[in-house]
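Below: the structure, in structure tokens.
Computed from the coordinates by the stated procedures, all read-outs in this text should not be read as laboratory data. Being a predicted model, the structure only gives us computed values, none of them experimental. Backbone-built Cβ (ideal geometry, glycine too); neighbour counts: all protein chains shown.
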Amino acid sequence: MKVDVVSLFPAYLDPLNLSLLGKAQTQGLVQVQVHDLRNWATDPHRSVDDTPYGGGPGMVMSPLVWGSALDHIREGAQTKPTLIIPTPSGEPFSQVLAAEFSRAEHLVFACGRYEGIDSRVGVHYSSSEQWEKVREISIGDYVLAGGEVATLVIIEAITRLIPGVLGNPQSVVDDSFSRPDSFIEGPVYTKPLGWRGLEVPEVLRSGNHGAIEQWRQDQAQARTRKYRPDLLTEIPPEQV
Ligand code: JD2
């Protein structure tokens, strides 16, 4: 998989070279390229933003600069990329979307700053024959200062699903949100047996695999009821 990221702060994406993803790049499973949006600014001040039509606070990122940057990336590609635009007003990110994106050949992330990117950028590339599709994505109901951290989150969720990136493929299928009956996961323990007066639950040491599985399910259900009752409702929200 090829991944391009366009940002005003390329150093924000440095963590992409660490750990799991750094190794996946060394192994040739993923190739990440980060681009400085400022390279496509043309005026003497190299500006990338302007005042919002209709008034209001802050600045909006220029479609002129974004268009040049994204066209440049497309021109260097062999196949149609998918454009991902992180925005607080996008479609909620989920494990289902991570799985869909993990099957893409080429992803391009457009990291906005300020009050975001001129809306016509998404509209334009959505109707372009040169691009596979455009997705506006939100990683959650809080407001970040820009798209960089959301891009890191999305890339991490996607790349661990690419075959060969994780050591143990079973850990992918075991993930809470990969299952249709998605409960959140229960507590986990390792050695030592006793730590600061706290003992590992006896059942986990019983060797009774049926009892262990039942206990884990009960724990997962209790935590889901406490923190995520929305996951236990009978009718999915989109069908209400
Ligand atoms: C971003 C900003 C619009 C006010 C580009 C925020 C995001 N779940 C999420 N929360 N916030 C973002 C996000 C993503 C990109 C940008 N801003 C700041 N935008 C109104 C402030 C600028 C995601 N994904």
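For the stretch 176-239, what class follows from the C-alpha gyration tensor (a ≥ b ≥ c being the square roots of its eigenvalues): rounded when a/c is under 1.5, otherwise prolate if a/b is larger than b/c, else oblate? Prolate shape, in that a/c is at least 1.5 and a/b is the bigger ratio. Note that the stretch 197-212 has calculated 3J(HN,Hα) couplings of x, 10, 9, 5, x, 3, 4, 5, 10, 6, x, 8, 5, x, 5, 5 Hz, one per residue in order, obtained from phi through the Karplus relation 6.51 cos²θ - 1.76 cosθ + 1.60 (θ = phi - 60°); glycine and proline are x. Shape class for the stretch 81-162: oblate, because the ratio a/c of the largest to smallest gyration tensor axis (alpha-carbon atoms, square roots of eigenvalues) is 1.5 or more and b/c is at least a/b.
With contributions of -39500 (n - 2.57) from each DSSP H run of at least four residues, the per-residue ellipticity at 222 nm computed over the chain stands at -9000 deg cm²/dmol. Our coupling estimate for the stretch 118-131, obtained by passing each phi through the Karplus curve with A = 6.51, B = -1.76, C = 1.60 and θ = phi - 60°, is 2, 4, 5, 4, x, 4, 4, 6, 5, 9, 7, 5, 7, 10 Hz, Gly and Pro reported as x. Here the Karplus curve 6.51 cos²θ - 1.76 cosθ + 1.60, taken at θ = phi - 60°, turns the phi angles of the stretch 36-42 into couplings of 8, 3, 4, 4, 9, 7, 10 Hz, with x standing for Gly and Pro. In the stretch 87-213 the Cα-Cα distances spread across 10 Å bins starting at 0 as 10, 29, 27, 19, 10, 5, 0 percent of all pairs. In the chain, the longest principal axis of the Cα atoms and the axis of helix 63-75 are about 70 degrees apart.
Indicate the gyration tensor shape class of the stretch 27-146 (rounded, prolate or oblate), computed on the Cα atoms with a ≥ b ≥ c the square roots of the eigenvalues: a/c under 1.5 is rounded; otherwise a/b larger than b/c is prolate and the rest oblate. Each step should come with its number before you reach the end.
Working: a/c = 1.84, a/b = 1.26, b/c = 1.45.
Oblate, since a/c reaches 1.5 and b/c is not below a/b.
Only lysine pairs 8 or more places apart or on separate chains count here, and in the chain those with Cα atoms under 24 Å apart total 4.
What list do you get for Y227, Y114 if you sort them by fewest beta carbons within 10 Å? List each step's numbers first, then the result.
On the way: Y227 10, Y114 17.
Taking fewest neighbouring Cβ atoms as first place, the list is Y227, Y114.
Of the peptides 26-38, 43-55, 151-163, the order by per-residue mean of other Cβ atoms within 10 Å, starting with the highest, comes out as 151-163, 26-38, 43-55.
Each Lys and Arg adds +1 at its Cβ and each Asp and Glu adds -1 at its Cβ; summed about the Cα centre, the stretch 2-159 shows a dipole of about 300 debye.
Taking packing as the residue-averaged number of other Cβ atoms within 10 angstrom, the listed peptides 136-148, 65-77, 195-207 run from highest to lowest as 65-77, 136-148, 195-207. The amide H of V34, built 1.01 Å from its N in the peptide plane, has V5 as neighbours under 5 Å, considering only residues 5 or more places off or on other chains. Less than 5 angstrom separates the built amide H of D49 from those of S62, all sequence-distant by 5 or more or on a different chain.
Once backbone amide H atoms are built at 1.01 Å from N, E136 has I85, E91 as its partners under 5 Å, excluding neighbours fewer than 5 places away on the same chain.
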